[in-house]
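S.K.: What follows is a single structure, and I will ask about it in a moment.
The values are calculated or read from the model by the stated rules, or taken from the named source; none is laboratory data. In this text the structure is predicted, and so the values were computed from the model without any measurement. Neighbour counts run over all protein chains shown; Cβ positions are idealised from the backbone, glycine included.
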Amino acid sequence: MYIIITKLVTTITLVFILLAPNVWAAEYTELESSLARINPDMKAVNIEATPMFGIYNVLLNTGDRIYMSADGDFFFAGTMYQNLYGEGLVNLTEQSATKSRLGAMQTPQAQQVWVFPAVGEKKASISVFTDVDCYYCQKLHLEMADINALGIEVRYLAFPRAGLGSPSYQVLVDAWCAENTNEYLTEAKLRSHNKQARQKSPKACENPVMAHYNLGQEIGVNGTPAIVFESGELLPGYLPANELAKRIGML
């Protein structure tokens, strides 16, 4: 226990910021003012009180999470644990992140997805932020039949790692606008894996690719594949079909 606490203390960065005039009359004015002094583009997406008196849990528009004093003068980045007698360590940071992801995955932009349905009875559903050029995204997709056969529905959201406007972004847009979206996406991943030329682009259409990408950044996705379980837990990386079923608790 001493080692864990010592490591936590040594990784926490404490920064002092001069208090600026109160320019908003909202509940969290001082916190918002403090963020603006760091970077005018930095915004709080969500602010919650923590069990630690006077400390607030702040989710930023960058997807990062920090903890701030009520007056905005101090903040630290890291993981907050609660250590109550008889309960052991509780990772409050991950609890908050899971809750936020769960809410984010219920939003309208998270409902516009590529769906690869379970075979037979649907026993579970996973949401996967994916890219066409990512090796482990391609590897996961090659196991789609096995995953679906286990009763797992796969819901794909676009996350072009090269960013908005990149070639991989355009392929994902094309996949959404194609007549058969699932077939186009499957072929796009296969062609990328085999270093083949891209398919012909279909007629442009309204698509959720940018919204997916922004959503991924908001919930802390920084690589692909990124799997979000129905509980809100985020798993960065690839798992084989059977290991994925075990992680869900099906095997």
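S.K.: Hey, any hits in segment 174-188 for a residue that's in the same structural domain as K123 (by TED's automatic domain parsing), touching a residue at least 12 places away in the same chain (Cβ under 8 Å), farther than 13 Å from V132 by Cβ and surrounded by fewer than 15 Cβ atoms within 10 Å (Cβ to Cβ)?
M.R.: Scanning segment 174-188 turns up at least one residue that is in the same structural domain as K123 (by TED's automatic domain parsing), touching a residue at least 12 places away in the same chain (Cβ under 8 Å), farther than 13 Å from V132 by Cβ and surrounded by fewer than 15 Cβ atoms within 10 Å (Cβ to Cβ).
S.K.: Could you tell me whether any residue of segment 43-51 is of a type in the set (D, E) and part of a loop (DSSP other than H, G, I, E, B)?
M.R.: Step one: list which residues in segment 43-51 are of a type in the set (D, E), which gives 48.
After this cut, where a residue has to be part of a loop (DSSP other than H, G, I, E, B) as well, the list is none.
The answer is no; no qualifying residue exists.
S.K.: V45: surrounded by fewer than 12 Cβ atoms within 10 Å (Cβ to Cβ), β-branched (V, I, T) and modelled with pLDDT under 90, yes or no? Spell out the reasoning first.
M.R.: Working: surrounded by fewer than 12 Cβ atoms within 10 Å (Cβ to Cβ): no; β-branched (V, I, T): yes; modelled with pLDDT under 90: yes.
So V45 fails the test.
S.K.: Another question, if that's okay. Just need a number here: residues in segment 122-143 that are closer than 25 Å to P108 by Cα and either in a helix (DSSP H, G or I) or under 22 Å from the mean Cα position of the chain (by Cα) (or both). Write out each step before concluding.
M.R.: So in segment 122-143, the residues closer than 25 Å to P108 by Cα come out as 122-132, 137, 141.
Cutting the leftovers down to either in a helix (DSSP H, G or I) or under 22 Å from the mean Cα position of the chain (by Cα) (or both) gives us 124-132, 137, 141.
Residues meeting the conditions: 11.
S.K.: Now for a separate question. Checking V132 against (1) under 30 Å from P160 (Cβ atoms); (2) touching a strand residue (DSSP E or B) at 6+ places or on another chain (Cβ under 6 Å): exactly one of these is not met. Which one?
M.R.: Single failed check for V132: (2).
Results for (1) in contact with a Gly (Cβ under 8 Å, 6 or more places away or on another chain); (2) without any contact (Cβ under 8 Å) to a residue 40 or more places away in the chain; (3) of a type in the set (K, R), shown as yes or no for each residue.
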{"site": "W114", "(1), (2), (3)": "no, no, no"}
{"site": "Y136", "(1), (2), (3)": "yes, no, no"}
{"site": "K139", "(1), (2), (3)": "no, no, yes"}
{"site": "L142", "(1), (2), (3)": "no, yes, no"}
{"site": "D146", "(1), (2), (3)": "no, no, no"}
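S.K.: For L251, are the conditions met, namely being surrounded by fewer than 18 Cβ atoms within 10 Å (Cβ to Cβ) and aliphatic (A, V, I, L, M)?
M.R.: Against the criterion (surrounded by fewer than 18 Cβ atoms within 10 Å (Cβ to Cβ) and aliphatic (A, V, I, L, M)), L251 qualifies.
S.K.: For segment 95-121, give me the residue count where each residue is charged (D, E, K, R) and either part of a strand (DSSP E or B) or in the same structural domain as A149 (by TED's automatic domain parsing) (or both).
M.R.: Residues flagged as charged (D, E, K, R) and either part of a strand (DSSP E or B) or in the same structural domain as A149 (by TED's automatic domain parsing) (or both) within segment 95-121 amount to 1.
S.K.: Step by step: first the residues of segment 51-68, then only those that are surrounded by fewer than 17 Cβ atoms within 10 Å (Cβ to Cβ) and polar (S, T, N, Q), then the one that is modelled with the highest pLDDT. Which residue is that?
M.R.: N61
S.K.: It is to be established whether one or more residues within segment 78-98 are touching a Gly at 6+ places or on another chain (Cβ under 6 Å) and in contact (Cβ under 8 Å) with a residue 40 or more places away in the chain.
M.R.: Of all residues in segment 78-98, those touching a Gly at 6+ places or on another chain (Cβ under 6 Å) come to 98.
Filter again for in contact (Cβ under 8 Å) with a residue 40 or more places away in the chain, leaving 98.
Looking for residues that are touching a Gly at 6+ places or on another chain (Cβ under 6 Å) and in contact (Cβ under 8 Å) with a residue 40 or more places away in the chain, one finds at least one in segment 78-98, hence yes.
S.K.: Then there is this: Which residue is modelled with the lowest pLDDT, if the candidates are limited to segment 213-247 and must be in contact with a Lys or Arg (Cβ under 8 Å, 6 or more places away or on another chain) and of a type in the set (A, V, I, L, M)?
M.R.: I219
S.K.: Here's a follow-up. L235 versus (1) of a type outside the set (D, E); (2) over 22 Å from S96 (Cα atoms); (3) surrounded by 13 or more Cβ atoms within 10 Å (Cβ to Cβ): which is the lone unmet condition?
M.R.: All conditions pass for L235, except number (2).
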